[in-house]
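*Asks:* Let me give you the structure first, and then I'll get to my questions.
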Amino acid sequence: MHDLQSNLNLQTYINSSQKEQYPDNSSNDNPPYIDFDYPYYGDALLKYRNTYNSVHGYLSFACCVFGITANILNIIVLTRKNMISPTNAILIGLAVSDIFVMSSYIPFTYHNYIRNHVSEEDQFSYGWAVFTLFHQHFTLVSHTISSWLTVTVAIWRFLAVRFPQNSTVWCSMYRAKCAILATYLVCPIIGIPGYLSSTIRRFDSGNGGEVYFVHFSRMSQLHNKLLQNMIFWISSVTMKLVPCVALTGISFGLIKVLYERNLRRQRLRADADRNHDRTTRMLLAVLMLFLFTEFPSGLLALLTGILGTDFFNHVYTNFGETMDVLALINNAINFIIYCTMSQQFRNTFANLFLPSFFKSPTIVSASTV
């Protein structure tokens, strides 16, 4: 996820390679400053950023509140007895990680975009710096878990439609649980270089007070080149581009299988696989939404690593909040996709939450959403 403190970290990372790090005697320094106003790529991007930022706080806050509620409903519905399946188990793990992301983003967006601060010391207090450090790592790890669980769902579905005779063995509930557990354990381990790179630094506010920022640690300054490369490849490639590339390939494979099955069904005039294909189309919608919201962020991060400071300052930062809200929309909207494209999900939801005259008389059991 992108935020002001991440800007500071990435800016320090880029500048450090050019020997522009802040002095070690940070207590006597002014707060770190990023030149957002330099019109290297024209004023249009800066104007867009300033215009969008006036609504970003309220939009992202509303998105998080809706998304947390919607994902709680997803978990309740998908854990009903008639909904239990390996694919749905992975979707439950995805809903939990999405809740983690949005729960951390609510206080962040309120503090930085909605709340009126009386002073710099109030806005950049030590307590807030501690939360920002936690938020920075927690949201990145949680978002990475969401990304790889989405990839896992795609793999599960591809195996189910491409090799139906082996899917009950390859895509069993036991293996689904192992995949979920492995994702939740491995992603925090992958983020270890990022944890080591960050610390809280104290600066003079300019009016006799003190402000605190998340900053690169002295360890990262001593070993900056190796650590910088690790952080870049982990955060920009492993956590963003690789899942997007994998999903693109798997999605094309699913589309190809659906097309071939549709042709075969037309020749045989058979409807036996129609419900199975509806489920696949629904999961394809989830995958396409993920690609739409995540590919821009991964691409911009990759271009930042290639093009350096100028591109970061004058392009990446101007789209930072937009990339955030796209990611939050992706976290929040699965409930709508399930309700729109899955009759079984709608029926189960109606029987749980709607008055009796809205309820479906029967709920047909199925292997997935």
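The values are calculated or read from the model by the stated rules, or taken from the named source; none is laboratory data. All values reported here derive from a predicted model rather than from experimental measurement. A quick note on method: Cβ atoms are made from the backbone with ideal geometry, for glycine too, and the neighbour counts reach across all protein chains shown. Surface accessibility is based on the protein's heavy atoms, side chains included, excluding ligands, DNA and RNA. Shrake-Rupley method; radii C 1.70, N 1.55, O 1.52, S 1.80 Å.
*Asks:* Scan the helices (runs of 4 or more DSSP H) fully inside segment 105-198 and keep the ones with 3 or more residues being touching a residue at least 12 places away in the same chain (Cβ under 8 Å).
*Replies:* Fully inside segment 105-198 and qualifying: 120-123, 126-162, 173-190, 192-197.
*Asks:* Taking Thr51 and the conditions (1) β-branched (Val, Ile, Thr); (2) touching a Gly at 6+ places or on another chain (Cβ under 7 Å); (3) surrounded by fewer than 21 Cβ atoms within 10 Å (Cβ to Cβ), which numbered condition does it fall short on, given that it satisfies the others?
*Replies:* (2)
*Asks:* Do the conditions hold for Asp204, that is, is it touching a helix residue (DSSP H, G or I) at 6+ places or on another chain (Cβ under 8 Å) and open to solvent by 10 Å² or more (accessible area, probe 1.4 Å)?
*Replies:* yes
*Asks:* Please give the number of the condition Thr79 fails out of (1) modelled with pLDDT under 90; (2) farther than 30 Å from Asn207 by Cα.
*Replies:* (1)
*Asks:* Among the candidates Leu45, Leu73, Leu10, single out the residue that is part of a helix (DSSP H, G or I) and at pLDDT below 50.
*Replies:* Testing whether each residue is part of a helix (DSSP H, G or I) and at pLDDT below 50 leaves just Leu10.
*Asks:* Among the residues of segment 94-124 satisfying the criterion of being small (Gly, Ala, Ser) and at pLDDT 90 or above, which is nearest to Ser198 (Cα to Cα)?
*Replies:* Ser104
*Asks:* For segment 151-188, how many residues are surrounded by 18 or more Cβ atoms within 10 Å (Cβ to Cβ), polar (S, T, N, Q) and at pLDDT below 90?
*Replies:* The qualifying residues number 1.
*Asks:* If you go through segment 63-103, how many residues are surrounded by fewer than 23 Cβ atoms within 10 Å (Cβ to Cβ), within 18 Å of the chain's Cα centre (by Cα) and among the polar types (S, T, N, Q)?
*Replies:* Looking only at that region, the number is 2.
*Asks:* Let me ask something additional. Looking at segment 292-310 only, could you name the residues that are free of Cβ contacts under 8 Å to residues at least 60 places away in the same chain and open to solvent by less than 20 Å² (accessible area, probe 1.4 Å)?
*Replies:* Thr293
*Asks:* Quick check, is Leu328 of a type in the set (A, V, I, L, M), surrounded by 22 or more Cβ atoms within 10 Å (Cβ to Cβ), out of contact with any His (no Cβ under 8 Å at 6 or more places or on another chain) and in a helix (DSSP H, G or I)?
*Replies:* Spelling it out, Leu328 is indeed of a type in the set (A, V, I, L, M), surrounded by 22 or more Cβ atoms within 10 Å (Cβ to Cβ), out of contact with any His (no Cβ under 8 Å at 6 or more places or on another chain) and in a helix (DSSP H, G or I).
*Asks:* Restricting attention to segment 189-210, which residues are on the phi < 0 side of the Ramachandran plot and more than 29 Å from the chain's Cα centre (by Cα)?
*Replies:* Answer for segment 189-210, where residues must be on the phi < 0 side of the Ramachandran plot and more than 29 Å from the chain's Cα centre (by Cα): Arg202, Phe203, Asp204, Ser205, Asn207, Gly209, Glu210.
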